[in-house]
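Let me begin by presenting the structure, written as structure tokens, before commenting on it.
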């Protein structure tokens, strides 16, 4: 039996997606009384301080924690100076982005409530996973990019389970398959991790086909493995914690997938063919123009830029007896940009990927409704996230307005670095004096903080807003905290 549309993939990274990701675990809400600094009606909490300092890149001369706090305080002051009554705050794109960041955080909190906190781990399960975590497998595999072929293979295996080894040989058609090594810590999808590290596998054992998030399937054969023993109490403790967290994450993801399936139960998206073709052509052009200029050349001749203003009232799709117009869709993506699933997107499969991205956006729309019903928009951590992003952008807006005005008046030269410019330093000094009696620093809490010198840029996977925190605020390189009152001083 021969199968087409199967690929012998090399390197392994085509299968086990390796994306740098520094996750930020949700924590219990901090008390509003716990803060590092108050600036008027704005606060900087210890968690916000650590996120801004550690989850984005800081220049070498901004490593002192005093400099970090100075910049965060200055950011809040600049945001206060910008105020709420300006063109930037009134901009619909800005409003949409802030709403999108809020709702993404609300969905994260919903995940922790409905999935993460409901996981129960068995000690024996952890012990078994701990032992298997020492394995490093040597494997070979094939990816199957055709749903029909994957179904035929599954049906054949269901009828005769022992046929799986024979099927694997047929997929190779006599070709030599590259070998790859897989460790427990490798960032493979949950379905692959479970298949390799839940039960002991035997040499020559074939597993799959396993369905991946992008719709493709994988079939894997184990060649052999090595066991790397962990020696030392501290290393054992660290690995035990890692295994526990990994198991919790996989179980929580399962619960979450079931929760989302329940939210979407009975809901079906029915597209208007004409509107779908119209928008998919436009987004195809936009996608390749942003991703790859060379690839754009292949579609630009056929797909010119398209304007949608004339068609905002046209129906785009129907779901749950509700008609979404093109205008509704345009407004929705202002707060929820489309997120394409990880796959090699080309002209031939773009329309399917476009549908998946829309489906994910609609799913998040209904998750948002659940989150609002639970009043998660009032959650302390959600509010802090919104204020952090809003203040960061307002501060940059105000800084730019000040610098533009100074350049127009020829007070400063646009080629000079503003942070060391005498005009800018004088301006900041005047603001610090203006707000001096409105700044309160919790020096006791500040003493507890220790920063690393490791540069990290934290990203989240497969979400509309992947950057974990705003860029580090570069307003001043001063280390002097010579303003403000200590907590408890009137």
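The values are calculated or read from the model by the stated rules, or taken from the named source; none is laboratory data. This is a predicted model, so every value here is computed, not measured. All Cβ positions, even for glycine, are placed from backbone atoms using ideal geometry, and neighbour counts span all protein chains on display.
Here are some notes:
- Failed criterion for residue 335 (all others in (1) modelled with pLDDT under 95; (2) more than 21 Å from residue 270 (Cβ to Cβ) hold): (1)
- Where helices (runs of 4 or more DSSP H) sit wholly within the stretch 105-172, none has at least 2 residues that are without any contact (Cβ under 8 Å) to a residue 60 or more places away in the chain, touching a strand residue (DSSP E or B) at 6+ places or on another chain (Cβ under 6 Å) and surrounded by fewer than 17 Cβ atoms within 10 Å (Cβ to Cβ).
- Single residue of the stretch 61-76 satisfying the filter (at pLDDT 95 or above and under 25 Å from the mean Cα position of the chain (by Cα)) that is surrounded by the fewest Cβ atoms within 10 Å (Cβ to Cβ): 72
- Count of the stretch 82-94 residues, restricted to those that are closer than 15 Å to residue 392 by Cα, more than 20 Å from the chain's Cα centre (by Cα) and part of a helix (DSSP H, G or I), is 3.
- Residue in the stretch 270-280 that is surrounded by fewer than 13 Cβ atoms within 10 Å (Cβ to Cβ) and in a strand (DSSP E or B) present: yes
- Residues in the stretch 229-256 that are loosely packed, with under 12 Cβ neighbours inside 10 Å and more than 22 Å from residue 112 (Cα to Cα): 229, 231, 232, 233, 234, 235, 237.
- The set of residues in the stretch 279-308 being under 15 Å from residue 333 (Cβ atoms) and either in contact with a helix residue (DSSP H, G or I) (Cβ under 8 Å, 6 or more places away or on another chain) or modelled with pLDDT under 85 (or both) consists of 279, 280, 283, 286, 287, 290, 308.
- Yes/no for residue 381 being touching a strand residue (DSSP E or B) at 6+ places or on another chain (Cβ under 9 Å), in a helix (DSSP H, G or I) and closer than 26 Å to residue 41 by Cα: no
- Residue 79 being surrounded by 18 or more Cβ atoms within 10 Å (Cβ to Cβ), modelled with pLDDT of 90 or more and part of a helix (DSSP H, G or I): yes
One line per residue, one yes/no per condition, for (1) on the phi > 0 side of the Ramachandran plot; (2) assigned to a loop (DSSP other than H, G, I, E, B); (3) touching a helix residue (DSSP H, G or I) at 6+ places or on another chain (Cβ under 6 Å):
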{"site": "328", "(1), (2), (3)": "no, no, no"}
{"site": "331", "(1), (2), (3)": "no, no, no"}
{"site": "340", "(1), (2), (3)": "no, yes, yes"}
{"site": "348", "(1), (2), (3)": "no, yes, no"}
{"site": "354", "(1), (2), (3)": "no, no, yes"}
{"site": "364", "(1), (2), (3)": "no, no, no"}
{"site": "371", "(1), (2), (3)": "no, no, yes"}
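- From the options 316, 329, residue that is within 19 Å of residue 356 (Cβ to Cβ), modelled with pLDDT of 95 or more, surrounded by 15 or more Cβ atoms within 10 Å (Cβ to Cβ) and over 25 Å from the mean Cα position of the chain (by Cα): 316
- When residue 241 is tested against (1) farther than 30 Å from residue 179 by Cβ; (2) touching a helix residue (DSSP H, G or I) at 6+ places or on another chain (Cβ under 9 Å), just one condition goes unmet, and that condition is (2).
- When 73, 77 are screened for being touching a helix residue (DSSP H, G or I) at 6+ places or on another chain (Cβ under 7 Å) and at negative phi, only 77 passes.
- From 419, 441, 425, residue being surrounded by 12 or more Cβ atoms within 10 Å (Cβ to Cβ), in contact with a helix residue (DSSP H, G or I) (Cβ under 9 Å, 6 or more places away or on another chain), farther than 30 Å from residue 93 by Cβ and without any contact (Cβ under 8 Å) to a residue 60 or more places away in the chain: 425
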